[in-house]
Amino acid sequence: MGFSAVSVVRGPGELAAMVLDVTKLTFTTRFQFREFIEQAWFITSVTLMPTILVSIPFGAVISLQVGNLTGQLGAQSFAGATAVLATVREAAPIAAALIIAGAAGSAICSDLGARKIREEIDAMEVLGVDPLARLVVPRALATVFVSLMIIGIVISAGIGGGYFFTVIVQGGSAGAFLSSFTALASITDLYVAMVKAALFGFLAAIVGAYKGLNAGGGPSGVGRAVNESVILAFMLLFFLNAIITALYFQLIPQPGL
């Protein structure tokens with residue numbers, strides 16, 4: 001029982017300690033520009049196509065649901081505002097979280113896990129090189145950068161899909177759709193969405209790196225670490241999203257009609 005209790009506490013504690021260490025090293029160590037560029041390109045290559053394929057049906061579903069709801073309420077002229085609001089506030093950050101945790105986080109975990117079982121991490125430590133500063137920090141910063149790019153793609157696709165399904169498919173007014181953009185949404189919603197994307201990317205990279213650096217048991221152990229990193233990242237990102245959304249509605253006054 002004691003061992004079980006220690007294990008339950010040790011995992012989150014080590015993960016929190018890694019978050020603090022990586023945050024500190026980001027501002028206190030030399031910026032690994034080449035590694036950052038390589039990892040940003042790698043993460044983009046594994047997330048770009050899933051982002052495009054996910055954002056189109058994501059935007060379509062939101063637009064259809066919002067269009068039907070506003071039509072039932074007799075507020076068809078606000079279909080644009082509600083579609084943009086739903087996309088920017090929740091759909092885009094959630095889609096970014098799913099893609100980053102599922103694709104980028106697992107890729108980081110498998111890469112570092114393979115290095116761990118090949119004893120490359122131990123060799124770096126013997127040579128006096130900090131794996132967190134050399135490997136984890138540039139991957140975390142690259143994931144944050146790509147997350148901000150991904151959320152831009154999802155927002156653009158969501159708004160474009162909203163226009164297509166509201167105006168062309170459901171016969172709404174293009175002028176009303178465009179003019180109602182700022183009725184409910186504000187620039188603060190976009191800022192909060194970008195903050196969410198950056199935090200999601202950073203946390204997903206840390207979770208993937210933590211599981212990868214603690215992988216053991218050969219290739220099968222790396223596979224288990226990848227599965228655990230994806231599940232843990234999903235749980236943490238949805239929990240963080242709920243906290244940020246609750247704080248946002250409590251601290252930022254919402255515009256009314």
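Please go through region 204-239 and give me each residue that is in contact (Cβ under 8 Å) with a residue 40 or more places away in the chain, surrounded by fewer than 24 Cβ atoms within 10 Å (Cβ to Cβ) and closer than 21 Å to ALA193 by Cβ, ordered by number.
PHE234, PHE238 - these are the residues of region 204-239 that are in contact (Cβ under 8 Å) with a residue 40 or more places away in the chain, surrounded by fewer than 24 Cβ atoms within 10 Å (Cβ to Cβ) and closer than 21 Å to ALA193 by Cβ.
Quick one: how many residues across region 217-257 are closer than 21 Å to ALA91 by Cβ and either in a helix (DSSP H, G or I) or at pLDDT 85 or above (or both)?
18
Would you check if GLN39 is part of a helix (DSSP H, G or I), modelled with pLDDT of 70 or more, of a type in the set (S, T, N, Q) and surrounded by 16 or more Cβ atoms within 10 Å (Cβ to Cβ)? Working first, answer last.
Details: part of a helix (DSSP H, G or I): yes; modelled with pLDDT of 70 or more: yes; of a type in the set (S, T, N, Q): yes; surrounded by 16 or more Cβ atoms within 10 Å (Cβ to Cβ): yes.
Taking the combined requirement at face value, the residue satisfies it.
Consider region 136-158. How many of its residues are surrounded by fewer than 21 Cβ atoms within 10 Å (Cβ to Cβ), in contact with a helix residue (DSSP H, G or I) (Cβ under 6 Å, 6 or more places away or on another chain) and free of Cβ contacts under 8 Å to residues at least 60 places away in the same chain?
Of the residues in that region, 1 qualify.
Among the numbered criteria (1) in a loop (DSSP other than H, G, I, E, B); (2) within 23 Å of PHE36 (Cβ to Cβ), which one does VAL207 miss?
Failing condition for VAL207: (1).
Would you confirm, using the coordinates I've provided, whether SER110 is touching a residue at least 24 places away in the same chain (Cβ under 8 Å), of a type in the set (Ser, Thr, Tyr) and buried (at least 21 other Cβ atoms within 10 Å of the Cβ)?
Values: touching a residue at least 24 places away in the same chain (Cβ under 8 Å): yes; of a type in the set (Ser, Thr, Tyr): yes; buried (at least 21 other Cβ atoms within 10 Å of the Cβ): no.
For SER110, the condition - touching a residue at least 24 places away in the same chain (Cβ under 8 Å), of a type in the set (Ser, Thr, Tyr) and buried (at least 21 other Cβ atoms within 10 Å of the Cβ) - is not met.
The values are calculated or read from the model by the stated rules, or taken from the named source; none is laboratory data. Since this is a predicted model, take the numbers as computed values, not measurements. Cβ sites come from the backbone with ideal geometry, for glycine too, and all protein chains shown count toward neighbours.
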